[in-house]
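Before any comments, here is the structure.
The values are calculated or read from the model by the stated rules, or taken from the named source; none is laboratory data. Here the structure is a predicted model, which is why all the values come from computation and not from measurement. As a convention, Cβ positions derive from the backbone with ideal geometry for all residues, glycine included, and neighbour counts pool all protein chains shown.
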Amino acid sequence: MRIDVVTIFPGYLAPLREALLGRAIEAGLVEVAVHDLRDWTHDVHQAVDDAPYGGGPGMVMKPQVWGEALDAVLAADERPARLVVPTPAGRPFRQSTAQAWAGEQRLVFACGRYEGIDQRVVDEAAARMPVDEVSIGDYVLVGGEVAVLVMVEAVARLLPGVLGNPVSAEQDSFSDGLLEGPAYTRPLTWRGLSVPEVLRSGHHGAIARWRRDRALERTADRRPDLLAALPADALDAADRAF
Ligand SMILES: Nc1ncccc1[N+](=O)[O-]
């Protein structure tokens, strides 16, 4: 997969080259190219924004600059691309979104700052490629760069070979619609607190049942909305206690 990010703060995306993702890039599992939007300005001030039509606070990013930038970035590789625009006004980004995007050959992220990007950039792009305006949460960040770090990590870890043990991608929180329950490792007792007996029993059936009960309990407590959204057949008789 090739990932391109267009931003006025390329330095914000430096963490993409660290750790897990850094190794995936070195292994050629994913290519990442970060582009400075200002490279496509032509004025001495390298202006990327202007006052909003209709008035109101803040500035809107100019369509001409974005149009030239996206044309150039898209032309750099013939693989079909999906354009992703992080925005608080977007559809929610979920694990299912990450799973869907993991099948893409190319993702191009357009990081908006200020009050966003002139809508015509998205509308014009949508005529020639899939475009997703997505939000990582109901709070307002200063720009889309942090959201891109979140989304790239969520997608890249699903790519074959990126995670050491791929099974854990399936057993993630959300992959079965429930939150993950508590996890424990050595020592057996720590500051007077012991690991639940069942996890040391070697009885895989009981362990699986205990883990599901803890996941159901935690989901009912912290995310009742997820429990309510589960398909009817997702809960078996033993689950219905929650
Ligand atoms: N929440 C956000 N705030 C600003 C830009 C992007 C955002 N997002 O969630 O993608």
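Couple of notes before you dig in:
- Pair list, Cβ < 8 Å and 6+ apart or interchain, from the range 222-242 residues that are in a helix (DSSP H, G or I) to residues that are among the polar types (S, T, N, Q): L226/T219; L227/T219
- Candidates G22, G54, G11 - the one that is closer than 23 Å to L163 by Cβ, among the small types (G, A, S) and out of contact with any Pro (no Cβ under 7 Å at 6 or more places or on another chain): G22
- In the range 81-94 there is at least one residue that is among the small types (G, A, S) and more than 22 Å from V32 (Cβ to Cβ).
- V85 being outside any loop (DSSP other than H, G, I, E, B) and near the ligand (Cβ under 9 Å from one of its atoms): yes
- Checking Y53, Y12 one by one, the residue that is hydroxyl-bearing (S, T, Y) and either loosely packed, with under 13 Cβ neighbours inside 10 Å or in contact with a Lys or Arg (Cβ under 8 Å, 6 or more places away or on another chain) (or both) is Y53 and no other.
- Qualifying residue in the range 89-101 (condition: away from the ligand (no atom under 11 Å from the Cβ) and of a type in the set (K, R)): yes
- Within the range 140-162, being in contact with a Pro (Cβ under 9 Å, 6 or more places away or on another chain), part of a loop (DSSP other than H, G, I, E, B) and among the β-branched types (V, I, T) holds for one residue alone: V140.
- Test: residue in the range 129-139 that is in a loop (DSSP other than H, G, I, E, B), within 16 Å of the ligand (Cβ to nearest atom), in contact with a Pro (Cβ under 6 Å, 6 or more places away or on another chain) and at pLDDT 95 or above: no
- Selection count, the range 81-111, where residues are in contact with a strand residue (DSSP E or B) (Cβ under 6 Å, 6 or more places away or on another chain) and of a type in the set (G, A, S): 3
- Hits in the range 8-22 (condition: in contact (Cβ under 8 Å) with a residue 12 or more places away in the chain and more than 17 Å from the chain's Cα centre (by Cα)): I8, F9, P10
Condition check ((1) at pLDDT 95 or above; (2) assigned to a helix (DSSP H, G or I); (3) under 23 Å from R2 (Cβ atoms)) across all residues:
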{"residue": "G28", "(1), (2), (3)": "no, no, yes"}
{"residue": "V44", "(1), (2), (3)": "yes, no, no"}
{"residue": "P52", "(1), (2), (3)": "yes, no, no"}
{"residue": "P57", "(1), (2), (3)": "no, no, no"}
{"residue": "W66", "(1), (2), (3)": "yes, yes, yes"}
{"residue": "V73", "(1), (2), (3)": "yes, yes, yes"}
{"residue": "Y114", "(1), (2), (3)": "no, no, no"}
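- For F174, the criteria (1) surrounded by fewer than 13 Cβ atoms within 10 Å (Cβ to Cβ); (2) at pLDDT below 95 hold in every case but one, which is (1).
- Boolean, V148 is aliphatic (A, V, I, L, M), modelled with pLDDT under 95, over 29 Å from R209 (Cβ atoms) and within 12 Å of the ligand (Cβ to nearest atom): no
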